[in-house]
Amino acid sequence: MDELFTPSLLVFEDRLETNLQRMQSTCDEAGIDLRPHIKTHKLVPVARRQIELGAKGLTCAKLGEAEAMLPSGVREIFVAHSLVDQRQAPRIAALAEQLDELRLATTSEAHLEALIPLIHQVGLNLPVMLAIDTGLNREGVRALESAQRMASKIDAEPLLELAGFYTHEGQFYGKDHSNRTTDVEALLTHICTVRDAINPALPVWPGCSVSATAITQQSNGRVQAVRPGAYVFGDLSLTQNADVMPWDHVALQVLATVVDKPTSDLALIDAGSKTFSSDRAREGISALAADGRDIAVVAVNEEHGYVRGEDVAQLQVGERILFVPAHVCTVVNLADEVKVITTDQTIRTTWPIDARGKNQ
Ligand SMILES: Cc1ncc(COP(=O)(O)O)c(C=O)c1O
C-alpha cells in the first residue's frame, strides 16, 4: 500500500465479501430475492459475485450502468429510473434482447404519458414496476387513485405489463433509528395497501440499505425483493447517521496525504470535492479518519480537504490517512479505479470502475 499514489480508493476484500454474504443470507433466510442496486460499486467483479452468491438480478439507475454490467453475466435488470427519451429506444431494445428480463419503471402519471411513446418506439413487450413514494417526496405515486389510473392505463397498453411495485425509502437515512421497527411497519402497510388495491398477486420491491434488513425481517411474506446498494461498502451515512453498519464493516476507504499544515489545528489533504464529492454526513462532515482518531474533513475545495479535530496537532506533512467518506456512491463515481486490499494489507488487484460516469 505504501506504493500507492493518493488519493486512492481502497476496497478491503474480506469486508466486502462479508457484507455481500450477510445481505444475501438475510434475504435467503426470509425467502426474499436480493436485486442489489449497482450504482454504489459500479464494478463488474462485484456484480458477478453478487449473482454468484444468489442475487436474482441487478438494479441500475441508468441504461449506461445496465450496459456496463452485462459482462457480469446478469440475466435480469431493473432500471429504476424515469426513462422518457425516445432516442434511448434502440438501447432499451438491445438490452432487452441481451437479457432474460429487462424491467423498466414508471414513476407518475406524467411520466407514464412519456413512457408509452418510448415503449412504442422500442416495439417490445416490457414489464414495468410502478413507483410508490413512501416519504422521500421524489419519484412515485402519492395517491392510491393515481396508482389505480396508471394501472388501468398500463393494462390498456398491449406492449406494457404491470409487473409490480417499487420504492426507494431514502428518507430512512434521516430518521430517528430508534423508531425503525414502527417506521418499517408503516412503510410495509402503505406499499401493500396500494398493491392490494390494484392486484394482490403483484410483487413489491423496496430498496434502501437502511431499511433492507428490517424489511426482510418484518416482511412476513409481504415483500418479494429488496434492492439495497450502499450496503456493499458502507460509509458515514450507514454507520454514523443510520446506525445499520458497524464501523469495522466499512469496506471502502480513501487513502489521502497531508500536504500542508497552515496552522497547528488545520491540516490540508490532497483529497477534496473531486474525491469525496460534495455530499456530507451529519454536521457537514465529508469524511472521518478510519482508525478512530479525531480527524475530520470538515470542508472541501476541489483538490483540498480541510482537516480538523483533536488529533490534527500530531499530524505531519506527508503522512497518509485512511478516511471513511460521507457518501460512498458518489465517491466511487468520481474515481477511475479501486485497489483491492487483502487482509495482510497488500494490493491483490486493481478494478477499473466499469460504470463510472455512465450517467446516460
Ligand atoms: C431507486 C433506488 N433504489 C435503490 C437505491 C439503493 O439505496 P441505498 O443507497 O440506500 O442502498 C437507491 C439509492 O439511491 C435508489 O435511488
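Do you know which residues across region 209-244 are under 18 Å from V332 (Cβ atoms), within 11 Å of the ligand (Cβ to nearest atom) and not polar (S, T, N, Q)? Outline the logic, then answer.
The initial filter retains those residues of region 209-244 that are under 18 Å from V332 (Cβ atoms), namely 209, 227-239.
Checking the rest, the ones that are also within 11 Å of the ligand (Cβ to nearest atom) come to 209, 227-235, 237-238.
Matches in region 209-244: R227, P228, G229, A230, Y231, V232, F233, G234, D235, L238.
Looking only at strands (runs of 3 or more DSSP E) that lie completely in region 47-106, which have at least 2 residues being on the phi < 0 side of the Ramachandran plot and open to solvent by 10 Å² or more (accessible area, probe 1.4 Å)? Spell out the reasoning first.
Numbers: elements: 58-60, 76-79, 101-106.
Fully inside region 47-106 and qualifying: 101-106.
Can you find a residue that is more than 21 Å from the chain's Cα centre (by Cα) and surrounded by 15 or more Cβ atoms within 10 Å (Cβ to Cβ) anywhere in region 169-182? Within region 169-182 (the criterion being more than 21 Å from the chain's Cα centre (by Cα) and surrounded by 15 or more Cβ atoms within 10 Å (Cβ to Cβ)), the answer is no, since none of the residues qualifies.
Spot the failing condition for H111; the list is (1) outside any helix (DSSP H, G or I); (2) within 16 Å of the ligand (Cβ to nearest atom), and only one is missed. Of the numbered conditions (1) outside any helix (DSSP H, G or I); (2) within 16 Å of the ligand (Cβ to nearest atom), the odd one out for H111 is (1).
Being outside the structural domain of A47 (by TED's automatic domain parsing), of a type in the set (A, V, I, L, M, F, W, C) and more than 16 Å from the ligand (Cβ to nearest atom) is a property that holds for A271.
Enumerate the strands (runs of 3 or more DSSP E) found wholly within region 308-360, keeping only those where 3 or more residues are open to solvent by 40 Å² or more (accessible area, probe 1.4 Å). Step through it out loud before you land on a result.
Details: elements: 320-325, 337-341, 347-352.
Because the criterion is at least 3 residues that are open to solvent by 40 Å² or more (accessible area, probe 1.4 Å), the strands (runs of 3 or more DSSP E) in region 308-360 that meet it are 347-352.
Scanning region 262-284 for residues that are open to solvent by less than 10 Å² (accessible area, probe 1.4 Å) and more than 10 Å from V300 (Cα to Cα) gives a single hit, A267. For region 107-123, residues that are open to solvent by less than 40 Å² (accessible area, probe 1.4 Å) and either under 23 Å from the mean Cα position of the chain (by Cα) or at positive phi (or both) total 3. Just one of (1) surrounded by 15 or more Cβ atoms within 10 Å (Cβ to Cβ); (2) free of Cβ contacts under 8 Å to residues at least 60 places away in the same chain fails for F233. It is (2). Pairing each residue of region 178-200 that is closer than 16 Å to Q218 by Cβ with any residue that is open to solvent by 60 Å² or more (accessible area, probe 1.4 Å) and outside any helix (DSSP H, G or I), provided the two are 6+ apart or on different chains, yields C-beta distances under 8 Å for D183/K175. Just one of (1) in contact with a helix residue (DSSP H, G or I) (Cβ under 8 Å, 6 or more places away or on another chain); (2) within 16 Å of the ligand (Cβ to nearest atom); (3) open to solvent by less than 30 Å² (accessible area, probe 1.4 Å) fails for R138. It is (3). Filtered by the rule that a residue be in contact (Cβ under 8 Å) with a residue 60 or more places away in the chain and within 29 Å of R103 (Cα to Cα), region 165-177 gives Y166, H168, F172, Y173.
The values are calculated or read from the model by the stated rules, or taken from the named source; none is laboratory data. Just so it is clear, the model here is predicted, and its values are computed rather than measured. For neighbour counting, all protein chains shown are included, and Cβ atoms are generated from backbone atoms with ideal geometry for every residue, glycine included. Remember, those area values only see protein heavy atoms, side chains included, never the ligands or the DNA or RNA. Shrake-Rupley method; radii C 1.70, N 1.55, O 1.52, S 1.80 Å.
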